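The values are calculated or read from the model by the stated rules, or taken from the named source; none is laboratory data. All values reported here derive from a predicted model rather than from experimental measurement. Reconstructed Cβ throughout: ideal geometry from the backbone, glycine too, with neighbour counts over all protein chains shown. Calculation scope for accessible area: heavy atoms of the full protein, side chains included, ligands and nucleic acids excluded. Shrake-Rupley method; radii C 1.70, N 1.55, O 1.52, S 1.80 Å.
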Amino acid sequence: MSPILTTLILLVISNIFMTCAWYGHLSLQNRGISTSWPLYAVILFSWGIALLEYCCQVPANRIGFEGNGGPFSLMQLKVMQEVITLVVFVIFSMLVFEGFTIRWNHILAFILLIAAVWLIFMK
(Lines give C-alpha, C1' and ligand atoms only; values in the text may rest on other atoms or scores of the structure.)
Protein backbone atom coordinates (compact mmCIF):
# COMPACT_ATOMS: atom_id res chain seq x y z
CA MET A 1 0.00 0.00 0.00
CA SER A 2 1.29 3.48 -0.80
CA PRO A 3 2.55 5.71 2.03
CA ILE A 4 -0.08 8.31 1.11
CA LEU A 5 -2.98 5.88 1.50
CA THR A 6 -1.48 4.22 4.58
CA THR A 7 -1.01 7.59 6.24
CA LEU A 8 -4.55 8.74 5.44
CA ILE A 9 -6.15 5.49 6.64
CA LEU A 10 -4.17 5.52 9.89
CA LEU A 11 -5.05 9.19 10.47
CA VAL A 12 -8.76 8.47 10.00
CA ILE A 13 -8.66 5.47 12.34
CA SER A 14 -6.67 7.39 14.96
CA ASN A 15 -9.12 10.27 14.82
CA ILE A 16 -12.08 7.94 15.28
CA PHE A 17 -10.45 6.62 18.46
CA MET A 18 -9.50 10.15 19.55
CA THR A 19 -13.05 11.44 19.13
CA CYS A 20 -14.43 8.47 21.06
CA ALA A 21 -11.87 9.05 23.83
CA TRP A 22 -12.48 12.80 24.09
CA TYR A 23 -16.26 12.92 23.61
CA GLY A 24 -17.57 9.37 24.00
CA HIS A 25 -17.75 9.68 27.77
CA LEU A 26 -20.13 12.63 27.33
CA SER A 27 -22.44 10.41 25.32
CA LEU A 28 -22.23 7.72 28.00
CA GLN A 29 -23.08 10.35 30.59
CA ASN A 30 -26.06 11.61 28.56
CA ARG A 31 -27.37 8.05 28.37
CA GLY A 32 -27.00 7.56 32.12
CA ILE A 33 -24.30 4.92 31.78
CA SER A 34 -21.38 6.77 33.37
CA THR A 35 -23.14 9.35 35.52
CA SER A 36 -21.99 7.68 38.73
CA TRP A 37 -18.40 7.08 37.57
CA PRO A 38 -15.79 9.07 39.46
CA LEU A 39 -13.69 11.41 37.35
CA TYR A 40 -10.61 9.16 37.58
CA ALA A 41 -12.63 6.28 36.08
CA VAL A 42 -13.74 8.48 33.18
CA ILE A 43 -10.12 9.54 32.65
CA LEU A 44 -8.86 5.94 32.70
CA PHE A 45 -11.64 4.90 30.32
CA SER A 46 -10.68 7.71 27.93
CA TRP A 47 -6.97 6.93 28.24
CA GLY A 48 -7.64 3.32 27.28
CA ILE A 49 -9.30 4.47 24.08
CA ALA A 50 -6.64 7.14 23.48
CA LEU A 51 -3.96 4.44 23.60
CA LEU A 52 -5.52 2.96 20.48
CA GLU A 53 -5.44 6.43 18.92
CA TYR A 54 -1.71 6.71 19.53
CA CYS A 55 -1.14 3.23 18.11
CA CYS A 56 -2.40 4.61 14.78
CA GLN A 57 -1.37 8.28 14.98
CA VAL A 58 2.32 7.70 15.65
CA PRO A 59 2.80 5.25 12.74
CA ALA A 60 0.78 7.55 10.45
CA ASN A 61 3.13 10.43 11.18
CA ARG A 62 6.26 8.29 10.89
CA ILE A 63 5.16 6.73 7.59
CA GLY A 64 3.88 10.00 6.12
CA PHE A 65 6.68 12.34 7.22
CA GLU A 66 9.08 13.34 4.45
CA GLY A 67 12.00 13.11 6.90
CA ASN A 68 11.33 9.37 7.04
CA GLY A 69 10.89 8.98 3.29
CA GLY A 70 7.17 9.77 3.29
CA PRO A 71 5.38 12.20 0.99
CA PHE A 72 4.24 14.86 3.50
CA SER A 73 5.86 17.80 5.25
CA LEU A 74 5.25 18.36 8.94
CA MET A 75 2.76 21.16 8.18
CA GLN A 76 0.91 19.02 5.65
CA LEU A 77 0.56 16.20 8.17
CA LYS A 78 -0.78 18.57 10.81
CA VAL A 79 -3.32 20.29 8.58
CA MET A 80 -4.53 16.95 7.20
CA GLN A 81 -4.91 15.65 10.74
CA GLU A 82 -6.95 18.70 11.77
CA VAL A 83 -9.29 18.43 8.79
CA ILE A 84 -9.77 14.70 9.38
CA THR A 85 -10.41 15.41 13.08
CA LEU A 86 -13.19 17.86 12.29
CA VAL A 87 -14.81 15.62 9.67
CA VAL A 88 -14.77 12.65 12.07
CA PHE A 89 -16.06 14.88 14.88
CA VAL A 90 -19.02 16.11 12.82
CA ILE A 91 -19.98 12.59 11.73
CA PHE A 92 -19.58 11.31 15.31
CA SER A 93 -21.66 14.18 16.70
CA MET A 94 -24.45 13.64 14.17
CA LEU A 95 -24.59 9.91 14.98
CA VAL A 96 -24.14 10.04 18.76
CA PHE A 97 -25.59 13.33 20.03
CA GLU A 98 -29.23 14.20 19.54
CA GLY A 99 -29.92 17.69 18.35
CA PHE A 100 -26.54 18.25 16.69
CA THR A 101 -27.08 20.06 13.41
CA ILE A 102 -24.74 21.64 10.93
CA ARG A 103 -25.27 25.37 10.54
CA TRP A 104 -24.08 27.85 7.92
CA ASN A 105 -21.04 28.85 9.98
CA HIS A 106 -19.93 25.20 10.18
CA ILE A 107 -20.10 24.93 6.41
CA LEU A 108 -18.13 28.15 6.01
CA ALA A 109 -15.52 26.83 8.46
CA PHE A 110 -15.16 23.66 6.37
CA ILE A 111 -14.71 25.73 3.23
CA LEU A 112 -11.96 27.67 4.98
CA LEU A 113 -10.34 24.41 6.08
CA ILE A 114 -10.33 23.19 2.50
CA ALA A 115 -8.66 26.48 1.58
CA ALA A 116 -6.09 25.85 4.34
CA VAL A 117 -5.31 22.41 2.92
CA TRP A 118 -4.95 23.89 -0.55
CA LEU A 119 -2.59 26.56 0.77
CA ILE A 120 -0.48 24.08 2.73
CA PHE A 121 -0.04 21.84 -0.31
CA MET A 122 0.95 24.72 -2.62
CA LYS A 123 4.56 24.61 -3.77
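Restricting region 11-109 to trypsin sites (Lys or Arg not before Pro) that sit in a DSSP loop and have at most 12 other Cβ atoms within 10 Å of their own Cβ leaves ARG31, ARG103. Free of any chymotrypsin sites (Phe, Trp or Tyr not before Pro) that DSSP assigns to a loop and that have at most 15 other C-beta atoms within 10 Å, the longest stretch within the chain is 1-96.
Counting protein heavy atoms only, the chain has 73 percent of its accessible area on carbon and sulfur, 1.4 angstrom probe. The simple Förster model, with R0 at 25 Å and r as the Cβ-Cβ distance, assigns VAL12 and LEU39 a FRET efficiency of 0.25. Stretching the chain fully between MET1 and LEU26 yields a gain of 5.4 nm (0.36 nm per residue, less the alpha carbon separation). Probing with 1.4 Å while keeping every protein chain in the model, the per residue accessible area of region 1-67 equals 62 Å². Extension gain, ARG62 to ILE114: 0.36 nm times the residue separation minus the Cα-Cα distance gives 16.3 nm.
Largest first, the three principal axis extents of the alpha carbons in region 1-68 are 46, 19, 13 Å in whole numbers. Each Lys and Arg adds +1 at its Cβ and each Asp and Glu adds -1 at its Cβ; summed about the Cα centre, the chain shows a dipole of about 100 debye.
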